[in-house]
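Taking it in order: structure first as structure tokens, then the write-up.
The values are calculated or read from the model by the stated rules, or taken from the named source; none is laboratory data. No experiment lies behind these values; they were computed from the predicted model shown. Neighbour counts run over all protein chains shown; Cβ positions are idealised from the backbone, glycine included. Accessible surface is based on the protein model in full, side chains and every heavy atom, while ligands, DNA and RNA are left aside. Shrake-Rupley method; radii C 1.70, N 1.55, O 1.52, S 1.80 Å.
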Amino acid sequence: MSVPNLTGEATKAEQTPYALLGGEQAVRALADRFYDLMDLEPQYRELRAVHGNDLTDARNKLYWFLSGWLGGPNHYIERFGHPRLRARHLPFAIGVVERDQWLACMDQAMGELDVPQWLRERLNESFFQTADWMRNQ
């Protein structure tokens, strides 16, 4: 994903969403806060129920995936190959409720980490497209 500048042209590589968020530490913080919220907030209970008891593996995989997806290092691909997101998530029941809770949880995490509103809106659009495509119920 590239972020357009004010003239609509793609910015330089250092202006990827990964860089704009703040790089490795910021993306790790986002993945961690996402799973912290999922575990703590009752409004995400259906989403939490889709995950196992231990969120460590999911937390790491989200961080690794987001790093590459946002334009940073391809940690996920280096470890597992192509993400094949839909295929990897087929064993889990993902409907509108889970999709919407995932999106709300990610938006809350971005808000709590002070992601700039314009970037948050842009990421939310991309997250929606991916999350909606993941639905299998």
Checking the structure you have, find out if any residue of segment 32-43 is free of Cβ contacts under 8 Å to residues at least 60 places away in the same chain, of a type outside the set (S, T, N, Q) and within 17 Å of residue 130 (Cβ to Cβ).
no
If I filter segment 80-123 down to residues being in contact (Cβ under 8 Å) with a residue 60 or more places away in the chain and charged (D, E, K, R), which single residue comes out as surrounded by the most Cβ atoms within 10 Å (Cβ to Cβ)?
122
Pairs returned, first residue in segment 124-137 that is within 14 Å of residue 97 (Cα to Cα) and open to solvent by less than 40 Å² (accessible area, probe 1.4 Å), second residue that is modelled with pLDDT of 90 or more and not charged (D, E, K, R), beta-carbon separation under 8 angstrom, 6 or more apart or interchain, are 131/102; 131/103; 134/94
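Within segment 77-90, which residues are in a helix (DSSP H, G or I) and touching a Gly at 6+ places or on another chain (Cβ under 9 Å)?
Residues satisfying the conditions are 77, 78.
With respect to residue 44, determine if the residue is under 12 Å from the mean Cα position of the chain (by Cα), in a helix (DSSP H, G or I) and among the aromatic types (Phe, Trp, Tyr). Show your work before the answer.
On the way: under 12 Å from the mean Cα position of the chain (by Cα): no; in a helix (DSSP H, G or I): yes; among the aromatic types (Phe, Trp, Tyr): yes.
Against the criterion (under 12 Å from the mean Cα position of the chain (by Cα), in a helix (DSSP H, G or I) and among the aromatic types (Phe, Trp, Tyr)), residue 44 does not qualify.
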If I filter segment 39-54 down to residues being modelled with pLDDT under 95 and of a type outside the set (D, E, K, R), which single residue comes out as most open to solvent (accessible area, probe 1.4 Å)?
53
For segment 49-62 the number of residues that are in a helix (DSSP H, G or I) and more than 15 Å from the chain's Cα centre (by Cα) is 3
Within segment 63-76, is even one residue outside any helix (DSSP H, G or I), surrounded by fewer than 17 Cβ atoms within 10 Å (Cβ to Cβ) and at pLDDT 95 or above?
yes
